[in-house]
Amino acid sequence: MNAEPDQTHAAFRHIVRMEGVQKYFGAVHALRNIDLAIGRNEIVGLIGDNGAGKSTLIKVLTGVIQPSSGRIYVRDQEINLASHSVGHAHALSIETVYQDKSLGEKQPLWRNFFVGRQITNRFGFINIREEKRIAQDILLNTIGFRGVGIGVDSNVKQLSGGERQGIAIGRAMHFNSDLIILDEPTVALAVKEVRKVLDFVRRIKASGRACIYIEHNLAHVHEVADRLLVLDRGEIVADVAPKDMTVPELTEFLINLQHNR
Amino acid sequence: MPNRRAPPSLFSRIEGLPIIVVFVLLLGLFMYTAPNVFLHPQIYTTLASTAPPLILLAAGLTFVIGAGEIDLSFPAVIAFSGYVFAVLFKDYQLGWIAVAGGLASGLLVGVVNGLLIARIGIPSFIATLGTQFFWSGMATLFSGGKSYALRGADESSVWQWIVGTFGDPNSIAWQDQISIQAIWTGLIVLGLWFVLNRHVFGEHILFIGDSKDVARVVGVNVERETITLYTLMGGLAAVAAMMLTLENKNYFGNQGGGYLLTAIAAVLIGGTSIFGGKTTLIGTVFGCFIIWMLEAGLVASGLTGAWVRTVQGLIFLIAIVFYLLVEEPARRASLFRRFGAKESGRTAKV
């Protein structure tokens, strides 16, 4: 998949680095001079109010939109922004898990794991047995769905919200994504389901991958992140380790940002 | 969510089982009300010779509806491709080349539909409504509204291979009258079943029908697959058109008109979701049998032909409402709420 395969496994410090990234939408300055670096096995929480620029930042990174200026490095190699696309980001082992756009609701889990990357013979017919076997392995070992009555033939609509996030994260891990971006994975989930999602995030860390975790709920992201980036009006205004700032202090900080507007 | 972890029921394990049960019950009913028709083999050899066009159309529509789209233009393909084939076959004596020409005309209509829907982004309902008028208009213009009798067609190898019979053509024994088009149709449907359930294309169709956004995110080329989908539908409609024209040994300008409701109804009665993402080709085939049998059975039971459409339309609506209520718990719950009843023991939350 990768154009330079040795690049993936070679020593690199940062899975992603941005330098001076700017984005204008007409007169709106959506991203202001963004400098950031994500380590290869780091969970980085991205927080900020609505409209702070969180999703714009992710879209620039994953090739959905192009920045107005600046440089982006993946595994310390600069990428050509003009040709950066969603497919290119996938080829660079960067995968985004969207809140509810990641899984086909009426389809069984084994199809959801492999759609777009099916195991086929040369005529394009799917090797169902092999896909199911691997899907079963991902269910049990990568995301740890044991004894919950979910199998590879279960439909996505039978799953709870947290389990769905788990499936999408497990799929990203199976396809060796080095950076998994989670877009508000705990929105509208019950407390028990949130616990599951946070466990999946810890599994990402344990497997040696990096993760950018966009979240509204400070307590959730504070619990699992190695580092927190606070965005405000398109600017990174804080870069803190969770141990240096408690959740109430962080809340206070964000409220003050709003008052200073 | 109390029962979601229950093992799958018998109904969900065997594809199309509910509709097969309905079929058997209806068959039993008609055997009782019209035994002189339904207890004789002739009705079933007639089925084998007249049902294939409907089955081919409905099989193609299973893909289209499964992708969350619709095609209203296939009756025009029945007219247009039937005309192209009839002219090349009769006036130009082109034999098998006429078959290729008929097929190509259907594929052309399909590609145009696909481009209008996928590239330009016209909703399929509107795009194919437009192409339906355009191509049936073209067929009428070219043919001058006249019908084409293909007299002597049964001498040709085309006729014998596509719609001939296995046995001695002069025999009236039922086993000599089994039509070859039933075999072709069976093979095509079998191939389509494998494509839908086992091929990458079929899987992409299911995900597109489920949600186009999801399909794009997981890397499906929605535009390309949509064009392929409509091309397939056009090709199947062309095959149906040629079988129909050969079977009748005659081309009529309005020969596709009767299939619009019946083919869509067969798909939805069979259990393919009207919202896309869930399909059953086996259900579709039995849906076709039911549609066909209603027509034969109602007439044989002594009701006039005017009843047939009425009853078909009614059964169509009943089937849609039934599947809607069974498969969409949220809709079912809102329906029950509207009637002020509580849905006992179930939670509507999904």
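The values are calculated or read from the model by the stated rules, or taken from the named source; none is laboratory data. Everything numeric in this text was worked out from a predicted model, so none of it was measured. FYI the Cβ positions are ideal-geometry reconstructions off the backbone, even for glycines, and counts take in every protein chain you see. Quick note on the areas: whole protein, heavy atoms, side chains included, nothing else; ligands and nucleic acids left out. Shrake-Rupley method; radii C 1.70, N 1.55, O 1.52, S 1.80 Å.
Here are some notes:
- Of the chymotrypsin sites (Phe, Trp or Tyr not before Pro) found in the stretch B:46-148, those in coil by DSSP whose Cβ has at most 15 other Cβ atoms within 10 Å are B:TYR92.
- Among A:HIS90, A:ILE65, A:MET245 the positive-end extreme of the charge dipole of the stretch A:14-259 (Cβ point charges): A:HIS90
- Max mean-square fluctuation residue, GNM over chain B, Cα-Cα springs under 10 Å, options B:GLY130, B:GLY114, B:GLY60: B:GLY130
- What you get for the protein assembly as shown, charging only the Cβ of Lys and Arg (+1) and of Asp and Glu (-1), is a dipole of about 880 debye around the Cα centre.
- Buried accessible area, chains A and B (both chains, 1.4 Å probe, Å² to nearest 100): 2300
- Mean Cα-pair separation over length for chain B, i.e. relative contact order, pairs under 8 Å, 6 or more apart, %: 30
- Global dimensions of the stretch B:16-67 from alpha-carbon coordinates: Rg and Dmax equal 13.9, 42 Å.
- DSSP-defined beta bridges in the stretch A:125-261 - what % are antiparallel, rounded to 5: 50
- Shielding by other protein chains, B:127-133, mean Cβ within 10 Å: 0
- Of A:GLY39, B:VAL163, B:GLY234, farthest towards positive along the dipole that unit charges on Lys, Arg, Asp, Glu beta carbons give the protein assembly as shown: A:GLY39
- Ranking A:VAL224, A:VAL21, A:GLY166 by how far each Cα lies toward the positive end of the dipole of chain A (charges on Cβ) leaves A:GLY166 at the top.
- C-alpha long axis of helix B:222-248 to longest principal axis of chain B, angle in °: 40
- Distant-in-sequence amide contacts of B:HIS199, defined by a placed amide H-H separation under 5 Å and a gap of 5 or more residues or a different chain, comprise A:ILE126.
- For chain A, the relative contact order works out to 25 percent when only alpha carbon pairs closer than 8 Å and six or more residues apart are counted.
- Largest-first principal axis extents of the Cα set of chain B (Å): 67, 53, 35
- Expressed to the nearest 5 percent, the antiparallel share of DSSP beta bridges inside chain A is 55 percent.
- Burial order of peptide ranges B:53-59, B:43-49 (average beta-carbon count within 10 Å, highest first): B:53-59, B:43-49
- Taking a straight line from the alpha carbon of B:LYS90, these aspartates and glutamates sit under 15 Å away, with near neighbours fewer than eight places off in the same chain left out: B:ASP154, B:GLU155, B:GLU247.
- Estimated inter-spin distance, B:LEU26 and A:ARG133, nm [label 7 Å along Cα→Cβ]: 4.3
- Rule-of-thumb Rg ratio for the stretch B:212-278 [Cα; 2.2 N^0.38 Å; N residues]: 1.48
- Rounded to the nearest 0.05, the FRET efficiency derived from the C-beta distance between B:VAL111 and A:HIS29 at R0 = 60 Å is 0.85.
- Inter-label distance, nm, simple model (7 Å from Cα along the C-beta direction), B:LEU187/A:HIS88: 4.9
- Coarse-grained scattering of the stretch B:210-334 at q = 0.13, 0.14 Å⁻¹, given as base-10 log I(q)/I(0) from a Debye sum over alpha-carbon atoms: -0.72, -0.82
- Karplus (6.51, -1.76, 1.60) ³J(HN,Hα), θ = phi - 60°, over the stretch A:113-128, in Hz, Gly and Pro reported as x: 5, 10, 4, x, 9, 4, 8, 10, 8, 6, 8, x, 7, 7, 7, 5
- Using a Förster distance of 56 Å, the FRET efficiency for A:LYS192-B:TRP307 (Cβ separation, nearest 0.05): 0.50
- Shape of the stretch B:30-129, Cα gyration tensor, a/c cut at 1.5: oblate
- Most mobile of B:PRO329, B:PRO52, B:PRO18 in a GNM of chain B (Cα contacts under 10 Å): B:PRO329
- Taking a point 7 Å out from the Cα of B:GLU15 in the direction of its Cβ, the residues of the stretch B:186-215 whose backbone N falls within less than 19 Å of it are B:186-210.
- FRET efficiency for the B:ILE120 to B:PHE194 pair, using the beta carbon distance and R₀ = 35 Å, is estimated at 0.65.
- The stretch B:116-182: trypsin sites (Lys or Arg not before Pro) falling in loop per DSSP and having at most 14 other Cβ within 10 Å: B:LYS146, B:ARG151
- Area accessible to solvent at B:ARG198, 1.4 Å probe radius, in Å²: 90
- Charge dipole (debye, nearest 20) of the stretch B:10-349; +1 at Cβ of Lys and Arg, -1 at Cβ of Asp and Glu: 1000
- Cross-link partners of A:LYS243 among lysines (Cα-Cα below 22 Å; sequence separation of 8 or more within a chain): A:LYS205
- The average projected area of the stretch B:85-206, computed from the convex hull of its Cα atoms over all directions, is 10.5 nm².
- Averaged over the residues of B:198-204, the number of partner chain Cβ atoms lying within 10 Å of the residue Cβ comes to 6.
- At q = 0.13, 0.14, 0.16 Å⁻¹, base-10 log of I(q)/I(0) for the stretch A:189-260 (Debye sum, equal scatterers on each alpha carbon): -0.42, -0.49, -0.62
- Set of lysines near B:LYS278 by C-alpha distance (under 23 Å), chain-local residues within fewer than 8 positions excluded: A:LYS101, A:LYS106, A:LYS132, A:LYS157, B:LYS212, B:LYS349
- Computed over chain B with a Gaussian network model linking Cα atoms closer than 10 Å, the most mobile of B:GLY219, B:GLY276, B:GLY82 is B:GLY219.
- Note on chain A: with charges restricted to the Cβ of Lys and Arg (+1) and Asp and Glu (-1), its dipole about the Cα centre is near 780 debye.
- Percent of Cα pairs in the stretch A:14-259 per distance bin of 10 Å, from zero to the largest separation: 7, 30, 34, 21, 7, 1, 0.
- Helix axis angle, A:247-259 relative to chain A longest principal axis, alpha carbon, degrees: 60
- Peptide A:105-118 is shielded by partner chain Cβ atoms: per residue, an average of 5 of them sit within 10 Å of its Cβ.
- Split the accessible area of the stretch A:14-259 by element, probe 1.4 Å, and carbon with sulfur accounts for 49%.
- For the protein assembly as shown, projected area of the alpha-carbon convex hull averaged over all directions, nm²: 34.2
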